[in-house]
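Worksheet: the structure to be examined is printed underneath.
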Amino acid sequence: MPEKDRNGGILAVIVLYKTAPVESAAFQTLSSAIACLKEQRPGIHILLYDNAPDGKIQDMLPPGVHYKGASRNDGLAGAYNFALGQAQQDGCDWMLTLDQDTRLPADFLLRLQPIVARLHAVESVAAIVPHLEQAGRQLSPVRIRPWGVQYLSRESSGFVRGEIHALNSASLFRVSALKQIGGFDPYFWLDYQDAYVFRKFHQCGRRIYVTEDIRVEHDLSLLSKSGGMGAGRFRNFLQAESAFSDLYRGRISRAFLTLRLMARLLLQRKKAVDPAIRGLTLEALRRRIFHSREQRIREWRKEMERRAADAARGVESAEFSGMRPSISVCMAAYNGEQYIIPQLQSILSQLSDEDEVIVVDDASRDHTCEKVRSLKDVRVRLIQHEANQGISRTFEDAIRAASGRILFLSDQDDLWDPRKVSMMMEAFKSNPEVTLIATDNALIDENGALISSSYFTGRGGFQAGLWANLVRSRFGGCTMAFRAEVIGDFLPLPHAYAVLHDLWIGVRNSLAGHKALYIPESLVLSRRHSATATGRKPLSLRTRLRNRVHLLLALMEFRIRRTAYRIW
């Protein structure tokens, strides 16, 4: 796979429907914003995606503008997934999504450009979003709260605490972050697509940056609840609203949705709204009262599968197309020149061209970085710390930089069994409810001689959960892999406490209500030598007690902080 030009380029995609490019406010204002850049213009590509099956170009398009006519209307999901594939092909790091009626200010790109330059290296940032308004009314962004949403004030900017959602239009997405969540969900093909994407970003521990003093005027057709919207469109909106609540919101939020449907129905009757619209609202309310959550989800999925049987195209989307999810191997390195090359070779031989290895070097004093560079493999990304920060921060930086759907943890001095990746990925595929998988591992000495064929046999076997791990840690980082969707449940790692990263990730996975799976096969050869960071000798009773107290304190602090963010 040729190395892509990582130039921070932007692909701007405008989704059209029964509108000529010259009539699109988004295309007109984007062209003006690009013209304002003059010689400062970065690499900006424009894609016009026409969702009208009979759409035709009615105007000669300027250079650098590409047109794609859809063979069928796959909504925003189909358009954005096609654009995402195009962005990856063109080597663009960012994708700007625009509805056809959005009006950008003339200085939009001039203001956005320095923000992108500043945040480009902060790989945990998934999206940069402006403030969207319609006729003075705030539309986006919002903070998610248990009972609904809270609109951010116009003065809000930067990294705002809590789970932040925004409308897709005028949002600038990092391409690698979209790849990590599998692109845009074809089930939410039109409505609630943006809510799905930002929810997934939150689950993956990604951050949203709210721009300073950038206002964008957006025409939201749903603002009037049903005005200007036919019964078919309103039915899809109600289905998406219910499905998103059932899939991604808690009991309090789901109860408030039922109350909102009641209030919406009363308001529609008071305003004498079209009886067809009122009937759809009543039917949605009945489903929420008389159907179980599982039944509603099942019915929605069945209907969406009929409608969007082939919608997931144009981008790797493992969840919907059946392709193997992309992999990121996260490795912490420090003075590892002696063993790191054999370890990387044992890993890379099992990866595809779409996978990656993130090596974070913690200010090594030997030739570790030179050894990594000597491989000259484009799948290996090297990040260097200027000063030593410790193993916990090093692994956290590797996890935040990853773009894979499945993340493997790796030590610098082990060797992977040739079956490791295939067996663990098959286990993820066969157990979609499982979010974390651990395996057994064998122990070898510095020369590769076998010390023990099983690490966990001598530790009473593997067990997940907090209480089992308070007595003795049952997790080994070098054997673990997890889905990207659980990253937000354990980051940040507890740097102020003596808690190992693998124990923290495993325990937090269980406390968040997720499932773990153990494979009783030694798929890692863990090397024990004089410079090994952990496991060289048993810890004293005093140290073990201190570590468990630190674990409990870190869990309490994490819980308090998360609760405060939700209430904020």
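Among the residues of segment 452-493, those that are of a type in the set (A, V, I, L, M), part of a helix (DSSP H, G or I) and more than 16 Å from Met424 (Cβ to Cβ) comprise Leu466, Ala468, Leu470, Val471, Ile487.
Mind counting the residues in segment 195-204 that are over 9 Å from the mean Cα position of the chain (by Cα) and surrounded by fewer than 23 Cβ atoms within 10 Å (Cβ to Cβ)?
From segment 195-204, those over 9 Å from the mean Cα position of the chain (by Cα) are 195-196; that's our starting set.
Those left that are additionally surrounded by fewer than 23 Cβ atoms within 10 Å (Cβ to Cβ): 196.
Result for segment 195-204: 1.
Are any residues in segment 192-211 polar (S, T, N, Q), in a helix (DSSP H, G or I) and either farther than 13 Å from Gly488 by Cα or touching a Ser or Thr at 6+ places or on another chain (Cβ under 8 Å) (or both), and if so, which ones? Reasoning before the result, please.
Of the residues in segment 192-211, the ones polar (S, T, N, Q) are 193, 203, 211.
Cutting the leftovers down to in a helix (DSSP H, G or I) gives us 193, 203.
The answer is Gln193, and nothing else.
Scanning segment 60-113 for residues being closer than 13 Å to Ile14 by Cα, of a type in the set (Lys, Arg) and touching a residue at least 24 places away in the same chain (Cβ under 8 Å) gives a total of 1.
Selection within segment 306-322: residues that are in a helix (DSSP H, G or I) and at pLDDT below 50. The member of this set that is surrounded by the most Cβ atoms within 10 Å (Cβ to Cβ) is Phe320.
Counted as qualifying within segment 349-451 are the helices (runs of 4 or more DSSP H) with 1 or more residues that are more than 18 Å from Gln338 (Cα to Cα) and not hydrophobic (A, V, I, L, M, F, W, C), namely 391-401, 420-430.
To keep it simple, each residue is scored yes or no on (1) in the same structural domain as Val434 (by TED's automatic domain parsing); (2) touching a helix residue (DSSP H, G or I) at 6+ places or on another chain (Cβ under 7 Å); (3) surrounded by 21 or more Cβ atoms within 10 Å (Cβ to Cβ).
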position	(1), (2), (3)
Asn469	yes, yes, no
Ala498	yes, yes, no
Ile505	yes, no, yes
Arg508	yes, yes, yes
Leu511	yes, yes, no
Leu517	yes, yes, no
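Does Arg296 count as touching a Ser or Thr at 6+ places or on another chain (Cβ under 8 Å), basic (Lys, Arg) and at pLDDT below 95? Even if it seems obvious, please write down each step before you answer.
Values: touching a Ser or Thr at 6+ places or on another chain (Cβ under 8 Å): yes; basic (Lys, Arg): yes; at pLDDT below 95: no.
When the stated conditions are applied, Arg296 does not pass them.
Only residues that are farther than 22 Å from Ala402 by Cβ, touching a residue at least 12 places away in the same chain (Cβ under 8 Å) and not polar (S, T, N, Q) were counted across segment 143-176, and they come to 18. Scanning for something over 17 Å from Ala516 (Cα atoms), touching a residue at least 12 places away in the same chain (Cβ under 8 Å) and buried (at least 20 other Cβ atoms within 10 Å of the Cβ), does segment 447-459 turn up at least one residue? Yes: segment 447-459 contains one or more residues that are over 17 Å from Ala516 (Cα atoms), touching a residue at least 12 places away in the same chain (Cβ under 8 Å) and buried (at least 20 other Cβ atoms within 10 Å of the Cβ).
The sole residue among Ala83, Ala52 that is within 24 Å of Asp194 (Cβ to Cβ) and surrounded by fewer than 20 Cβ atoms within 10 Å (Cβ to Cβ) is Ala52.
Looking at segment 430-444, which of the residues that are of a type outside the set (Gly, Ala, Ser) and more than 19 Å from the chain's Cα centre (by Cα) is surrounded by the fewest Cβ atoms within 10 Å (Cβ to Cβ)?
Of segment 430-444, the ones of a type outside the set (Gly, Ala, Ser) are 431-437, 439-441, 443-444.
Within this subset, residues satisfying the condition of being more than 19 Å from the chain's Cα centre (by Cα) are 431, 437, 439-441, 443-444.
On the way: Asn431: 12, Ile437: 23, Thr439: 26, Asp440: 20, Asn441: 24, Leu443: 20, Ile444: 20.
Top of the filtered list is Asn431.
Can you name every residue in segment 153-164 that is within 19 Å of Ser253 (Cα to Cα) and out of contact with any helix residue (DSSP H, G or I) (no Cβ under 8 Å at 6 or more places or on another chain)? Reasoning before the result, please.
Of segment 153-164, the ones within 19 Å of Ser253 (Cα to Cα) are 162-164.
Result: no residue meets the conditions.
Any chance you could count how many residues in segment 145-192 are of a type in the set (Val, Ile, Thr) and out of contact with any Lys or Arg (no Cβ under 8 Å at 6 or more places or on another chain)? Walk me through how you get there before you give the answer.
Our first condition is that a residue be of a type in the set (Val, Ile, Thr); within segment 145-192, this holds for 149, 160, 164, 175, 181.
The next check asks that each one be out of contact with any Lys or Arg (no Cβ under 8 Å at 6 or more places or on another chain); those that pass are 175.
Count: 1.
Report, by residue number, each residue of segment 153-166 that is under 21 Å from Arg561 (Cβ atoms) and either part of a loop (DSSP other than H, G, I, E, B) or out of contact with any strand residue (DSSP E or B) (no Cβ under 6 Å at 6 or more places or on another chain) (or both). If the condition is that a residue be under 21 Å from Arg561 (Cβ atoms) and either part of a loop (DSSP other than H, G, I, E, B) or out of contact with any strand residue (DSSP E or B) (no Cβ under 6 Å at 6 or more places or on another chain) (or both), then Ser156, Gly158, Val160, Arg161, Gly162, Glu163 are the ones that fit.
A quick yes/no check of all residues on (1) in contact (Cβ under 8 Å) with a residue 24 or more places away in the chain; (2) within 31 Å of the chain's Cα centre (by Cα); (3) surrounded by fewer than 20 Cβ atoms within 10 Å (Cβ to Cβ); (4) in the same structural domain as Ala121 (by TED's automatic domain parsing):
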{"position": "Tyr187", "(1), (2), (3), (4)": "yes, yes, no, yes"}
{"position": "Arg206", "(1), (2), (3), (4)": "yes, yes, no, yes"}
{"position": "Glu212", "(1), (2), (3), (4)": "yes, yes, yes, yes"}
{"position": "Ser242", "(1), (2), (3), (4)": "yes, yes, no, no"}
{"position": "Leu247", "(1), (2), (3), (4)": "yes, yes, yes, no"}
{"position": "Phe256", "(1), (2), (3), (4)": "yes, yes, yes, no"}
{"position": "Lys271", "(1), (2), (3), (4)": "no, no, yes, no"}
{"position": "Arg278", "(1), (2), (3), (4)": "no, no, yes, no"}
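Summed over segment 323-380, the residues that are modelled with pLDDT under 95 and hydrophobic (A, V, I, L, M, F, W, C) give a count of 1. Among the residues of segment 120-138, those that are at pLDDT 90 or above and either assigned by TED's automatic domain parsing to the domain that holds Ser245 or surrounded by fewer than 19 Cβ atoms within 10 Å (Cβ to Cβ) (or both) comprise His120, Ala121, Val122, Glu133, Gln134, Arg137, Gln138.
The values are calculated or read from the model by the stated rules, or taken from the named source; none is laboratory data. Note that the structure is predicted; figures quoted are calculated from it, not measured. Counting neighbours? That spans all protein chains shown, and the Cβs are built from the backbone with ideal geometry, glycine included.
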